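Engineer: Before I ask anything, let me first share the structure, which is written out below as structure tokens.
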There are 2 protein chains.
Amino acid sequence: VGVDQYWRSFSNHVGMSVAELDTPCLLLDLDALEANLDSLSRLLPRTDLAVRPHAKTHKSPRIARMQLARGAVGICCAKLSEAESLVGAGVEDVLVTTQVVGEAKVRRLIGLARQAVVRVVFDDERAARAVSAEALRAGVRLDCLVDVNVGQDRTGVAPDLSAVALGQAIKALKGLRLKGLQGYEGNLQLLQTASSRRDANRVCMERLGVVVDLFRKHGLCVDTVSTAGTGTFRFGGAYPFVTELQPGSYAVMDSTYAQVEGVEFRLALSVLTSVVSRQQDRIVVDAGSKALSTDYGQPRPRDPALSYLSQGDEHGKLIFSGPPSMDLGDRTEIIPSHCDTTINLHDRYTVIQGGFVVGFWPVTARGSIQ
Amino acid sequence: VGVDQYWRSFSNHVGMSVAELDTPCLLLDLDALEANLDSLSRLLPRTDLAVRPHAKTHKSPRIARMQLARGAVGICCAKLSEAESLVGAGVEDVLVTTQVVGEAKVRRLIGLARQAVVRVVFDDERAARAVSAEALRAGVRLDCLVDVNVGQDRTGVAPDLSAVALGQAIKALKGLRLKGLQGYEGNLQLLQTASSRRDANRVCMERLGVVVDLFRKHGLCVDTVSTAGTGTFRFGGAYPFVTELQPGSYAVMDSTYAQVEGVEFRLALSVLTSVVSRQQDRIVVDAGSKALSTDYGQPRPRDPALSYLSQGDEHGKLIFSGPPSMDLGDRTEIIPSHCDTTINLHDRYTVIQGGFVVGFWPVTARGSIQ
């Protein structure tokens, strides 16, 4: 069976009511998704900011195109294979936000750069040299950002003259075009209060600002300074040197972000589950850690009278604040605690609107970890 | 692109050395896998025990066939869609170890039962009635087990006369054939010491034994009494009323099971990663929680001088007990902490032997959560 036939096999189900769907399945509420995509631009702290939404969350070229249609300048991808998947589906401008290292990856990167605008980040001159050599051979030129560690302590060069040294090295390399900086503060996104995020973000943006000044002083390009996520774009975007924002989760949201003060997007994503066991002392549904990720803790039922407790790979227990009100076969929606890793478990979104299925969208870049 | 062409596209890479593989990728060591499959029968506490390995771990019809070739009586599946996937790939006898509930599921179950021997478990008479009605309509008959709660408190009826009542109800239903009991003690599998597992298992097996006696007393069939996993099959299998064992993880193992006393299978599974960022104070690899699940905690590098700390969806940090000995582009293998949920993240196994790739096997039932 080919991929196209596979997707056509779902067409029969469009128009079905949500009550008829088999479970568990990943529901995407189209109204909530569109509301989230629409409201982003209204929330930007400056009108001249570029938005480059992160596709590591949704992994869907369809949603990426909806973001582009609303003014996004391009799309962020976490991995090269994610970028390949989006470019293959018609997205024409991607930034790979993680380091591209290794012979196979460099070949793939250059292959992709012949088909679309592909930007990359570097935190090591050796990685830049490897890409440069292959770009030169292929006759392409790639826009590059220096990845700066603004406090997450994951990737990125120190926010000092080491960034300048790397910038100068890249500037001198053929096949590369230095465009500026990336300084992502992923570690701040879920700080609960707005003031704690704003304060922690200030520290990171001051570090990034130091590098921006150093770059200017040394005649290095800072046309692009890319940063921020769903939790911080309103703060980071206020700094005048920031040009581009990378929010991802805002499109669909999850129960963890819903607890973060000032992040007011709608919960567009849920996993529909059924009660498959109803005993005296417990009610068990058919979604476990293979349907709902737990790396951010327990997911949360949409019904506030319920809570959910993962019971291994295939099951979860429902805990009722009052007397148990569900029986065998009854269904309920569980909001993922982490949208990125939950979406990555599913092959498709069941897209719903007003209680009916309006489409099935593939999670095209699911499993794109290379 | 069709599915067959997709798989043919990997043929070129067979024969490649592991050093040439792009990362991250899921490695399966064929020698270790075969050794694990071979040694299971030697470890059984009785010679008359049937083995029905659980495919929820490997999700691979290829590995299922290797298990059947070594004497397995059939295969366990956690979900109906997993069973559909295996039957579609030639497996002819499956037990679905979780409850099949809901109209869509029942139709699918009966569809599958027309193509293979499909056994199901019940812990609710209403679910049995629904399957019976549809089986009768389709003219098929399904073997059934009563699912008993022996202590996990997840699914299963209480280990008392409620099990008998359900057994009698099933016996009276057309289209169903009562074959016995399932009593899985999943909560004991990872108890660290052999003696603690043996003792806890005794409590569970006594509960199951009570139900076996009640079934016999009431003239109900106990030809099949199915239980145990990789951590307990040597204990559970010693009880004379137990007829069938359901181990899954033994085939490939993980770092959590490797810490469990008396579970001495080989670590056949790992995720190959590359260093993608090498800064003064840290070494970061390209595998995060989308490549290595963390529901059982941090995965563990194969090299005992290293430890691994997940850094979000796409990255992990390597911690060295001595001076850091790896540089940009260097590779290392990380052993998953939980084989089931890690395999479920990957589309394929890269099967290796003696440092070379001998094949790519699809994780056929990946994402089969329904």
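Engineer: Within segment A:52-77, how many residues turn out to be under 11 Å from A:Gly248 (Cα atoms) and part of a loop (DSSP other than H, G, I, E, B)?
Structural biologist: Total satisfying the criteria: 3.
Engineer: Select from segment B:314-347 the residues that are within 14 Å of chain A (Cβ to nearest Cβ), among the charged types (D, E, K, R) and more than 23 Å from A:Gly312 (Cα to Cα) and list them in ascending order.
Structural biologist: Scanning segment B:314-347 gives B:Glu314, B:Lys317, B:Asp327, B:Asp330, B:Arg331.
Engineer: Is at least one residue of segment B:101-115 open to solvent by less than 10 Å² (accessible area, probe 1.4 Å), within 9 Å of chain A (Cβ to nearest Cβ), within 20 Å of A:Lys290 (Cβ to Cβ) and touching a strand residue (DSSP E or B) at 6+ places or on another chain (Cβ under 9 Å)?
Structural biologist: Taking every residue of segment B:101-115 in turn, none turns out to be open to solvent by less than 10 Å² (accessible area, probe 1.4 Å), within 9 Å of chain A (Cβ to nearest Cβ), within 20 Å of A:Lys290 (Cβ to Cβ) and touching a strand residue (DSSP E or B) at 6+ places or on another chain (Cβ under 9 Å).
Engineer: With the requirement that a residue be assigned to a loop (DSSP other than H, G, I, E, B), farther than 13 Å from A:Ile283 by Cβ and of a type in the set (Ser, Thr, Tyr), what does segment A:322-345 give you?
Structural biologist: If the condition is that a residue be assigned to a loop (DSSP other than H, G, I, E, B), farther than 13 Å from A:Ile283 by Cβ and of a type in the set (Ser, Thr, Tyr), then A:Ser337 is the only one that fits.
Engineer: To continue, here is another question. Is it the case that B:Val121 is open to solvent by 10 Å² or more (accessible area, probe 1.4 Å) and either more than 9 Å from chain A (Cβ to nearest Cβ) or in a loop (DSSP other than H, G, I, E, B) (or both)?
Structural biologist: No: the conditions fail for B:Val121.
Engineer: Looking only at segment A:356-370, count every residue that is facing chain B (nearest Cβ under 10 Å) and among the hydroxyl-bearing types (Ser, Thr, Tyr) and tell me the total.
Structural biologist: The total comes to 1.
Engineer: Look at segment A:1-34 and say how many of its residues are open to solvent by 30 Å² or more (accessible area, probe 1.4 Å) and away from chain B (no Cβ under 14 Å).
Structural biologist: Of the residues in that region, 6 qualify.
Engineer: Whether any residue in segment B:63-80 is within 29 Å of B:Leu269 (Cα to Cα), at pLDDT below 95 and more than 14 Å from chain A (Cβ to nearest Cβ) is what I want to check.
Structural biologist: no
Engineer: Further question on the same structure: Residue by residue through segment B:313-339, note down the ones that are of a type in the set (A, V, I, L, M) and either open to solvent by less than 40 Å² (accessible area, probe 1.4 Å) or closer than 13 Å to B:Pro24 by Cα (or both).
Structural biologist: B:Leu318, B:Met326, B:Leu328, B:Ile334, B:Ile335
Engineer: Same structure, new question: Out of segment A:290-312, which residues are closer than 20 Å to B:Ser310 by Cα and surrounded by fewer than 22 Cβ atoms within 10 Å (Cβ to Cβ)?
Structural biologist: A:Thr294, A:Asp295, A:Tyr296, A:Gly297, A:Gln298
Engineer: Just the residues that are farther than 16 Å from B:Leu345 by Cβ and either among the aliphatic types (A, V, I, L, M) or open to solvent by 10 Å² or more (accessible area, probe 1.4 Å) (or both), please, taken from segment B:257-274.
Structural biologist: Of everything in segment B:257-274, those that are farther than 16 Å from B:Leu345 by Cβ and either among the aliphatic types (A, V, I, L, M) or open to solvent by 10 Å² or more (accessible area, probe 1.4 Å) (or both) turn out to be B:Tyr257, B:Ala258, B:Gln259, B:Val260, B:Glu261, B:Gly262, B:Val263, B:Glu264, B:Phe265, B:Arg266, B:Leu267, B:Ala268.
Engineer: Would you tally the residues in segment A:143-161 being crowded, with 24+ Cβ neighbours inside 10 Å, of a type outside the set (Ser, Thr, Tyr) and within 15 Å of A:Val96 (Cβ to Cβ)?
Structural biologist: Within segment A:143-161, residues that are crowded, with 24+ Cβ neighbours inside 10 Å, of a type outside the set (Ser, Thr, Tyr) and within 15 Å of A:Val96 (Cβ to Cβ) number 5.
Engineer: Could you figure out which of (1) under 30 Å from B:Asp223 (Cα atoms); (2) within 14 Å of chain A (Cβ to nearest Cβ); (3) open to solvent by less than 30 Å² (accessible area, probe 1.4 Å) isn't true of B:Lys56?
Structural biologist: Condition (3) is where B:Lys56 drops out.
Engineer: Checking the condition within 14 Å of chain A (Cβ to nearest Cβ), modelled with pLDDT under 95 and within 26 Å of A:Gln99 (Cβ to Cβ), which residue from B:Gln311, B:Gln279 passes?
Structural biologist: B:Gln279
Engineer: All but one of (1) over 25 Å from A:Gly359 (Cα atoms); (2) open to solvent by 10 Å² or more (accessible area, probe 1.4 Å) hold for A:Arg62, so report the exception by its number.
Structural biologist: Condition not satisfied by A:Arg62: (1).
Engineer: Suppose we filter B:Tyr349, B:Tyr308 for residues that are among the hydroxyl-bearing types (Ser, Thr, Tyr) and under 18 Å from B:Leu21 (Cα atoms); which single one remains?
Structural biologist: None of the other options fit; the residue is B:Tyr349.
Engineer: Now for a different question. Tell me the residue from B:Ala165, B:Ala169, B:Ala133 that is under 29 Å from B:Thr232 (Cα atoms), out of contact with any strand residue (DSSP E or B) (no Cβ under 6 Å at 6 or more places or on another chain) and assigned to a helix (DSSP H, G or I), please.
Structural biologist: Going through B:Ala165, B:Ala169, B:Ala133 in turn, just one is under 29 Å from B:Thr232 (Cα atoms), out of contact with any strand residue (DSSP E or B) (no Cβ under 6 Å at 6 or more places or on another chain) and assigned to a helix (DSSP H, G or I): B:Ala165.
Engineer: How many of the residues making up segment A:194-246 are of a type in the set (Phe, Trp, Tyr), open to solvent by 10 Å² or more (accessible area, probe 1.4 Å) and more than 20 Å from A:Glu264 (Cα to Cα)?
Structural biologist: Result for segment A:194-246: 2.
Engineer: Any idea which residue in segment A:235-276 is nearest to A:Arg331 (Cα to Cα), counting only those that are part of a helix (DSSP H, G or I) and among the hydroxyl-bearing types (Ser, Thr, Tyr)?
Structural biologist: A:Ser255
The values are calculated or read from the model by the stated rules, or taken from the named source; none is laboratory data. Treat the numbers as computed from the prediction; the structure is a model and nothing was measured. Cβ: placed from backbone, ideal geometry, glycine included. Neighbour counts: every protein chain shown. Just the protein is used for accessible areas: all its heavy atoms, side chains included, with ligands, DNA and RNA removed. Shrake-Rupley method; radii C 1.70, N 1.55, O 1.52, S 1.80 Å.
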